[in-house]
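Here's the structure, in structure tokens; my notes come after.
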Amino acid sequence: MSEARGGGLIIFATFLVGLVLSQMPLPDLLVWARPEWVVLMLIYWVMALPHRVGLGSAFMLGILLDVVRGSVLGLSALSLTLIAFLVLVLYKRLRMFPLWQQSLMVLVLVGINQLLFHWMQSVTGTTGESLLFLLPSLVSALVWPWLYLLLRAVRHTFYIQ
């Protein structure tokens with residue numbers, strides 16, 4: 001029982017690290033190239049432990065992300081819930097892919113997240129008209145192999161199942 005609780009705390013801690021990394025100040029040149037840390041963490045945990053991290057976790061994480069970002073409440077929650085659903089549908093296939101193919105899928109999933117979030121922001125009138133909002137999906141795909149290996153090592157070190 002304590003193993004499950006400890007695992008939950010580790011998963012929550014990784015999400016908090018993702019939230020902190022998503023809000024760290026960057027130079028103006030790099031702001032558009034920031035990886036989507038929260039989405040990457042969510043993709044990993046849903047893919048690795050679909051019985052523990054799912055749609056409810058994604059929704060709550062999205063609400064927390066909206067509060068931290070100061071954006072319209074529910075925008076991130078909806079987009080993260082959709083990404084969690086897609087990963088839940090595909091998680092058996094994603095596990096079988098080599099890391100480079102997983103990176104391509106992460107490119108697509110984060111791109112869907114960015115498109116959905118940008119579309120919802122345009123509906124509320126709080127977005128620009130540049131296509132630079134898609135750059136984080138490319139950077140996230142490049143970061144994915146290292147993040148995957150790091151989170152897998154954390155999961156195995158703490159025996160999270």
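The values are calculated or read from the model by the stated rules, or taken from the named source; none is laboratory data. It should be emphasised that the depicted structure is a prediction, and the values quoted were computed from it without experimental measurement. FYI the Cβ positions are ideal-geometry reconstructions off the backbone, even for glycines, and counts take in every protein chain you see. Ligands, DNA and RNA are stripped out before the accessible areas are found, and what is left, the full protein with its side chains, is counted by its heavy atoms. Shrake-Rupley method; radii C 1.70, N 1.55, O 1.52, S 1.80 Å.
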* Asked: Is there a residue being open to solvent by less than 50 Å² (accessible area, probe 1.4 Å), farther than 29 Å from Asp28 by Cβ and touching a Phe, Trp or Tyr at 6+ places or on another chain (Cβ under 6 Å) anywhere in region 93-115?
  -> no
* To do: Out of Leu115, Leu90, report the one residue that is within 21 Å of Gly18 (Cα to Cα) and part of a helix (DSSP H, G or I).
  => Leu115
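Before we move on, is Pro136 open to solvent by less than 70 Å² (accessible area, probe 1.4 Å) and touching an Asp or Glu at 6+ places or on another chain (Cβ under 6 Å)?
On the way: open to solvent by less than 70 Å² (accessible area, probe 1.4 Å): yes; touching an Asp or Glu at 6+ places or on another chain (Cβ under 6 Å): yes.
Spelling it out, Pro136 is indeed open to solvent by less than 70 Å² (accessible area, probe 1.4 Å) and touching an Asp or Glu at 6+ places or on another chain (Cβ under 6 Å).
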* Any residue in region 16-36 that's of a type in the set (Asp, Glu): show its pairings with residues that are surrounded by 10 or more Cβ atoms within 10 Å (Cβ to Cβ) at Cβ separation under 6 Å, as long as the two are six or more apart or on different chains. => Glu36/Val110; Glu36/Pro136; Glu36/Ser140
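Just wondering, is there one or more residues in region 66-84 that are in contact (Cβ under 8 Å) with a residue 40 or more places away in the chain, open to solvent by 40 Å² or more (accessible area, probe 1.4 Å), part of a helix (DSSP H, G or I) and in contact with a Gly (Cβ under 9 Å, 6 or more places away or on another chain)?
As a first pass, look at region 66-84 and keep what is in contact (Cβ under 8 Å) with a residue 40 or more places away in the chain: 68-69, 71-72, 75-76, 78-80, 83-84.
Now drop any that are not open to solvent by 40 Å² or more (accessible area, probe 1.4 Å), which leaves 68-69, 72, 78.
Okay, now just the ones that are also part of a helix (DSSP H, G or I), so 68-69, 78.
Subsequent filtering for residues that are in contact with a Gly (Cβ under 9 Å, 6 or more places away or on another chain) retains 78.
So far as region 66-84 goes, yes, one or more of its residues are in contact (Cβ under 8 Å) with a residue 40 or more places away in the chain, open to solvent by 40 Å² or more (accessible area, probe 1.4 Å), part of a helix (DSSP H, G or I) and in contact with a Gly (Cβ under 9 Å, 6 or more places away or on another chain).
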* Report the residue count in region 144-161 for those that are modelled with pLDDT of 95 or more and crowded, with 17+ Cβ neighbours inside 10 Å. => 5
